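The values are calculated or read from the model by the stated rules, or taken from the named source; none is laboratory data. In this text the structure is predicted, and so the values were computed from the model without any measurement. Cβ: placed from backbone, ideal geometry, glycine included. Neighbour counts: every protein chain shown. Accessible surface areas use protein heavy atoms only, side chains included; no ligands, DNA or RNA. Shrake-Rupley method; radii C 1.70, N 1.55, O 1.52, S 1.80 Å.
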Amino acid sequence: AQKIGSVLALIDRQTEPAVEVTYAELAQQIQQFAAGLQALGVQLGDKIALFSDNQPRWLVADQGIMTAGAVDAVRGSQAAVKELSYILEHSDAIALIAQDQATLDKIADQVGHLKFIILLSDEVPQANTGAQLLSFPKVMALGEGKAPQPVPRDRNSLATLMYTSGTSGNPKGVMLSHANLLSQVAGACSVNSFVPGQKVLSILPIWHCYERTFEYFVLSQGCSQMYTNIRNVKKDLQAFQPNYM
């Protein structure tokens, strides 16, 4: 197998400065974040709400949660306050990982029962709650130099809760196992295979079921993925010249 540690895995030019993460760095960050979560007391099967949009730290949090043995309940930061509040309560989340302070502010009056709250930004979290408040760098510092403790899981273990749009009533939490997610990767591999380093442009919301499983697939192939948005997609197509989108 080709060594891909030095290949760029994730590229985000929507931020200042731009973020580029190699596969070796991504693997290390996932392990470190998982160790940080375990240092905060996360146990096997705990539910953690993850409310954020596309960015490299989303994937670190997502995979870090699973590595620690927990289950994430995912939604975008732009969802309605009512929807985020419902998911936070319905999922039995013991903690919240939010994109930034603005996301936390939307549901600040709903977080009193949580054990801890993490912002994926570098901001110092502010909230009137007894929950422990941490920034992404603080969690990484907790996990620095530590390996996450192995947890007993198999393919049928619950991996994530993905909520429906709620157009027919309250959103419904769909329980997906690790096997459910892996089956999508295996299915895509049976149809197409990519070459490590090929470029992929990502525009769909990362917490959507299709986009999420597609990202798992292209990362399993060693591709370099860049995040874009409606505003920048024309410019990014020209500058990035992706092989796939």
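Over all directions, average the projected area of the Cα convex hull of the chain and note it in nm².
Numbers: hull surface 53.8 nm².
That works out to 13.5 nm², a quarter of the Cα hull's surface.
Can you give me the span-like helices of the chain, meaning DSSP H runs with 15 Å or more of Cα extent along the axis and Kyte-Doolittle mean at or above -1.0? Walk me through the intermediate numbers first.
Details: long enough: 23-39 (24 Å, 0.07); 56-67 (17 Å, 0.09); 178-191 (20 Å, 0.84); 209-220 (17 Å, 0.04).
Membrane-span-like by this rule: 23-39, 56-67, 178-191, 209-220.
Given the Cα atoms of the stretch 1-85, and with Rh set as the inverse mean 1/r over their pairs in the Kirkwood sense, what is Rg to Rh to two decimals? Working shown, then result.
Numbers: Rg = 14.5 Å, Rh = 14.1 Å.
So for the stretch 1-85, dividing Rg by the Kirkwood Rh gives 1.03.
What ratio of Cα Rg to 2.2 N^0.38 Å holds for the stretch 98-143?
The stretch 98-143 yields a ratio of 1.05.
Can you give the accessible area of residue 153 in Å² (nearest 10), computed on protein heavy atoms with a 1.4 Å probe?
In the full protein context, residue 153 sits at about 100 Å².
Could you give the accessible area per residue of the chain, probe 1.4 Å, as a whole number in Å²?
It amounts to 48 Å² per residue over the chain.
Can you run phi through the Karplus equation (6.51, -1.76, 1.60; θ = phi - 60°) for the stretch 97-113 and list ³J(HN,Hα) in whole Hz, with x for Gly and Pro?
Karplus values, whole Hz, x for Gly and Pro: 10, 10, 4, 6, 4, 4, 5, 4, 4, 4, 10, 4, 8, 10, 10, x, 8.
Go through 216, 169, 179 and say which Cα lies farthest out towards the positive end of the charge dipole of the stretch 169-245; charges sit on Cβ, +1 for Lys and Arg, -1 for Asp and Glu.
169
Below 14 angstrom from the Cβ of residue 113, what's the summed charge of the other residues (Lys, Arg +1; Asp, Glu -1)?
-2
Strictly over 31 Å apart at the Cα level, which of 82/115; 115/146; 47/235; 115/234; 115/235; 82/138 would you flag in this model?
From 82/115; 115/146; 47/235; 115/234; 115/235; 82/138, over 31 Å: 47/235; 115/234; 115/235.
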